[in-house]
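See below for the structure under consideration.
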Amino acid sequence: ESGHRRYLAAKSAGLTSIPVIETTVPKSEAEQRIRLVKMNLHNRTYIPSVKAKEIESLIYDYKTMLKEQHQPCDMATIKAKVAADEELSIKSIEKYQQFLNLIPELQKMADAGVPWSALVQCSTFPPDQQQLVALAIRGELERLGDAENISRQWIVSFIARRRQEMTGITEKPKTVSKPRNGTTIIR
């Protein structure tokens, strides 16, 4: 698997013999795609939209593979497998799934450097409300000049205000304080 890369690298390095690891042939295309993702995990730096699509693909491939093998394929098991493959927490996997519910404009903003983990908090909003979030962020981009300058906290606060306006339910904000020993307490 992926031997062509190792072969070309060894050839370029002037090696005459190449060590190999023998594996079994994948039983299905789904299993083959899962193996390829696992092998290439550390070879690339992903933008959030690409990582989210890769995770979506892995989830689909695990469902397919487990069904073909007549094994139980509940979502908790599948998410645990994907989290292990991606070396992420299950919570991160769920956030990437939420990311795909964002409108394309918010996804592009995340790919450009706007904190994506804050943006996913509006993934349950209808598209018109997400558009209002995008409009506000565009205004901040014009004011600050760069996506890196928009704070995660500003986005979280703005989305919380939008949610309050939509639902009419006032959420009590969390207060974070740091005692002298450096630990964080959330009240």
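Here the label points at residue 28 and residue 46, each 7 Å from Cα along the C-beta direction, are separated by 2.1 nm in the simple model. The HN-Hα couplings worked out from phi for region 131-147 by the Karplus form 6.51 cos²θ - 1.76 cosθ + 1.60 (θ = phi - 60°) are 4, 5, 5, 4, 4, 5, 5, 4, x, 5, 4, 5, 6, 9, x, 8, 4 Hz, whole numbers, x standing for Gly and Pro.
Of the listed residues 122, 73, the order by accessible area with a 1.4 Å probe, largest first, is 73, 122.
Rounded to the nearest 10 degrees, the inclination of helix 48-68 to the longest alpha-carbon principal axis of the chain is 50 degrees. Applied to region 101-114, the Karplus parametrisation 6.51 cos²θ - 1.76 cosθ + 1.60 on θ = phi - 60° returns per-residue 3J(HN,Hα) values of 8, 7, 5, x, 4, 5, 5, 5, 4, 5, 5, 7, x, 5 Hz, with x for Gly and Pro. Residue-normalised convex hull volume from the C-alpha trace of the chain: 217 Å³ per residue.
Residue 146 contributes about 70 Å² of solvent-accessible surface, heavy atoms of the protein only, 1.4 Å probe.
Summary of packing: across the peptides 29-35, 164-170, the per-residue average of other C-beta atoms within 10 Å ranks them, highest first, as 29-35, 164-170.
In this label model, residue 8 and residue 147 are separated by 2.9 nm, measuring between points 7 Å along each Cα→Cβ vector.
Based on alpha-carbon atoms, the Kirkwood radius and the radius of gyration of region 29-91 give Rg/Rh equal to 0.96.
Under a Gaussian network description of the chain, with springs only between Cα atoms under 10 Å, the residue in 28, 123, 92 that fluctuates furthest is 28. To the nearest ten degrees, helix 3-12 and the longest principal axis of the Cα atoms of the chain are 80 degrees apart. Note on region 23-115: with neighbouring protein chains present and a 1.4 Å probe, carbon and sulfur make up 54 percent of its accessible heavy-atom surface. Peptide packing: for 102-111, 149-158, the average count of neighbouring Cβ atoms within 10 Å per residue gives the ranking 102-111, 149-158, highest mean first.
Between 114, 50, 25, the residue with the greatest mean-square fluctuation in the GNM of the chain (Cα pairs under 10 Å linked by springs) is 25. Spacing of the modelled spin labels on residue 169 and residue 80, each 7 Å from Cα toward Cβ, amounts to 3.0 nm.
Structure note, pairs 63/95; 11/51; 11/81; 27/91; 11/63; 53/81: Cα-Cα distances above 27 angstrom occur for 11/51; 11/81; 27/91; 11/63.
The values are calculated or read from the model by the stated rules, or taken from the named source; none is laboratory data. All values reported here derive from a predicted model rather than from experimental measurement. When we count neighbours, we look across all protein chains shown, and the Cβ atoms used for this are built from the backbone with ideal geometry, even at glycine. Just the protein is used for accessible areas: all its heavy atoms, side chains included, with ligands, DNA and RNA removed. Shrake-Rupley method; radii C 1.70, N 1.55, O 1.52, S 1.80 Å.
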